[in-house]
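Heads up: the structure comes next, in structure tokens.
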Amino acid sequence: MLKRLISTGLMLTTIVWLGGCGMPASPIDLIKPPVSEETVQKDKWTTTLRTLLPDGARLLASVHGKEGHSVAFGDVDGDGINEAIVVYEEDVLNKRKLKAALLKQYKEEWRIIWDTLGFGYGLDSVGFADVNKDGRPELVLGWSLGAGGNGLDIYEWNNNTLELAAKKGYHGHLDLNNIP
């Protein structure tokens, strides 16, 4: 009887140890915008920019962007040459991290010149807009927070880098041409 109890205990311990004891993903983590991987791969910039991202990074497309593109272009530093913003998801030690990176082209080569951590469950909106009406566009990142709405980060170019200028909440679709 004692032998049987010990064997059962060892089998259960082995099953739990091999199976892991992680919590299942919540439904909101499993829901993704209806953008096919084919659409993302067709973007000619995606292949080039993907090589600059960490291994296993997955590009995120804006829910409200132009045809689900994963890269937005704009001249945020005022030099007359468009920079690219790419938002991606990285799996680090089985934890999802949302990140955004600003890339600049030097001759024929793209380089990451700035990056930041995102927040929430995914990307709602990304783009460049002159939010403060100073004649230069700011970087606008809208993060999906689930049922609680969305979070908006606005970055301005200052001292050769992007700096967080404002953080706001919003509900519904974000119009980059009319940000309050």
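The values are calculated or read from the model by the stated rules, or taken from the named source; none is laboratory data. In this text, all values refer to a predicted model and were calculated from it rather than measured experimentally. Please note: Cβ atoms are built from the backbone with ideal geometry, for glycine as well, and neighbour counts cover all protein chains shown. To get the accessible areas, we keep the full protein, side chains included, count just its heavy atoms, and leave off ligands, DNA and RNA. Shrake-Rupley method; radii C 1.70, N 1.55, O 1.52, S 1.80 Å.
Taking segment 145-180 as the range and being of a type in the set (Ser, Thr, Tyr) and closer than 12 Å to Ser125 by Cα as the test, only Tyr170 passes. The residue that is nearest to Ile85 (Cα to Cα), counting only those in segment 102-123 that are at pLDDT below 90 and under 15 Å from the mean Cα position of the chain (by Cα), is Leu123. Screening Lys95 on (1) under 10 Å from the mean Cα position of the chain (by Cα); (2) under 16 Å from Ala57 (Cβ atoms); (3) of a type outside the set (A, V, I, L, M, F, W, C) shows it passes everything except condition (1). Within segment 162-180, the only residue that satisfies the criterion of being open to solvent by 30 Å² or more (accessible area, probe 1.4 Å) and in contact (Cβ under 8 Å) with a residue 60 or more places away in the chain is His173. Restricting the search to strands (runs of 3 or more DSSP E) fully inside segment 50-161 and requiring at least 2 residues that are open to solvent by 40 Å² or more (accessible area, probe 1.4 Å), on the phi < 0 side of the Ramachandran plot and of a type in the set (Val, Ile, Thr) gives 109-117. Restricting attention to segment 162-180, the residues that are in a strand (DSSP E or B) and farther than 19 Å from Ile113 by Cα total 5.
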